[in-house]
Amino acid sequence: MQTLSESDAKLYYDLWKPLLDYTNERYHVKEHVKDIVHAPSLNPEEIKEIANKLWNNVTVIDDYLSEKGSELSEDERAIVCGWKRCVKGRFIIERHLKSGSILICLDDESVYRVSGIISSWEEIFYYRKPPILIDTTLIPFRDVIISDGLHMMYPVMIGGNIARSLKDMYMNAKKSGSLYTSL
């Protein structure tokens, strides 16, 4: 699966935006940003700052669920609670597959198969062939891994030796069963 279904993508944003609003209200990250849920447009840099506050302190999810969890279904609470298992950092997009894109974490060389939310990673980075260095946060969504939708690409070219090393990391993870397809 390269992307979530249309209904799951809508559900993701319906759960994600109120959590961002809650985080911003609680920590006053961007005072002038109000009502992310109903905003006609959002500045990705500002939203990334709010999201970073959340991912750097995932216990805010427990507080959010304590205060607002009664407004969510059991499935929705489980999805949001699962986001505490996020993986934040710098990743290399090593390749694109029909089932998702392969991202390798630079911190610990863990290998993940990641789906897009609305667009596949291949569509998002259509102008650039892997390997691609990005900064993002991976989160679980039901039985797949997605990102929070906020990513920054670093404008660096990755040489052939490193690219071969990344390919080996992917192949070894695939063979050993250590390729993460869920969190």
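Annotations
- Segment 62-183 - percent of accessible surface contributed by carbon and sulfur, probe 1.4 Å: 48
- Remark: segment 88-104, residue by residue, has Karplus-estimated 3J(HN,Hα) of 9, x, 9, 10, 9, 7, 8, 6, 10, 10, 4, 8, x, 9, 8, 10, 10 Hz, where x stands for each Gly or Pro and the curve is 6.51 cos²θ - 1.76 cosθ + 1.60 at θ = phi - 60°.
- Helix axis angle, 160-176 relative to the chain longest principal axis, alpha carbon, degrees: 70
- Tilt relative to the chain, helix 59-68 - C-alpha long axis, 0 to 90 degrees, to 10: 40
- Applying 1/(1 + (r/R0)^6) with r as the Cβ-Cβ distance of ARG26 and ASN161 and R0 = 35 angstrom yields a FRET efficiency of 0.15.
- Note on ASP63 and ASP108: the extension gain reaches 13.2 nm, defined as 0.36 nm multiplied by sequence separation minus the Cα-Cα distance.
- Global geometry of segment 90-145, whether rounded, prolate or oblate, following the gyration tensor of its Cα atoms and the 1.5 cut on a/c: oblate
- Across HIS28, HIS38, HIS96, mean-square fluctuation computed from a Gaussian network of the chain (C-alpha pairs under 10 Å connected) peaks at HIS38.
- Angle of helix 44-56 to the longest C-alpha principal axis of the chain, folded into 0 to 90 degrees and rounded to 10: 90°.
- Estimated vicinal HN-Hα couplings, Hz - segment 120-129 in sequence order (Karplus 6.51, -1.76, 1.60; Gly, Pro = x): 6, 4, 5, 5, 4, 10, 4, 8, 9, 8
- Hits among lysines - C-alpha to C-alpha of LYS174 under 30 Å, sequence gap 8 or more where chains match: LYS84, LYS88, LYS98, LYS129
- Simple Cβ-charge dipole of the chain, Lys/Arg +1 and Asp/Glu -1, about Cα centre, in debye nearest 20: 860
- One way to sum up the overall shape of segment 1-120 is the equivalent ellipsoid from its Cα gyration tensor, whose semi-axes run 25, 17, 15 Å, largest first.
- Gyration tensor verdict on segment 126-165 (Cα atoms; rounded if a/c is under 1.5, prolate if a/b is larger than b/c, oblate otherwise): prolate
- Net charge, TYR154 excluded, C-beta distance under 12 Å - Lys, Arg +1, Asp, Glu -1: +1
- Adding -39500 (n - 2.57) for every DSSP H run of four residues or longer, then dividing by how many residues the chain holds, sets the calculated 222 nm ellipticity at -13000 deg cm²/dmol.
- Label-zone membership for segment 144-183, site TYR127, 7 angstrom Cα→C-beta point, backbone N under 19 Å: 150-158
- Whether segment 1-60 is rounded, prolate or oblate, judged on the alpha carbon gyration tensor where a/c under 1.5 counts as rounded: prolate
- For segment 69-80, the Karplus equation 6.51 cos²θ - 1.76 cosθ + 1.60, evaluated at θ = phi - 60°, returns couplings of x, 5, 7, 10, 6, 4, 4, 5, 4, 5, 4, 5 Hz by residue, with Gly and Pro reported as x.
- Computed with a 1.4 Å probe over protein heavy atoms only, the accessible surface of the chain comes to 53 Å² per residue.
The values are calculated or read from the model by the stated rules, or taken from the named source; none is laboratory data. Since the structure is predicted, the reported quantities are computational estimates derived from the model, not experimental observations. All Cβ positions, glycine included, derive from the backbone under ideal geometry; neighbour counts span all protein chains shown. What goes into the accessible areas is simple: the full protein's heavy atoms, side chains included, and nothing from ligands, DNA or RNA. Shrake-Rupley method; radii C 1.70, N 1.55, O 1.52, S 1.80 Å.
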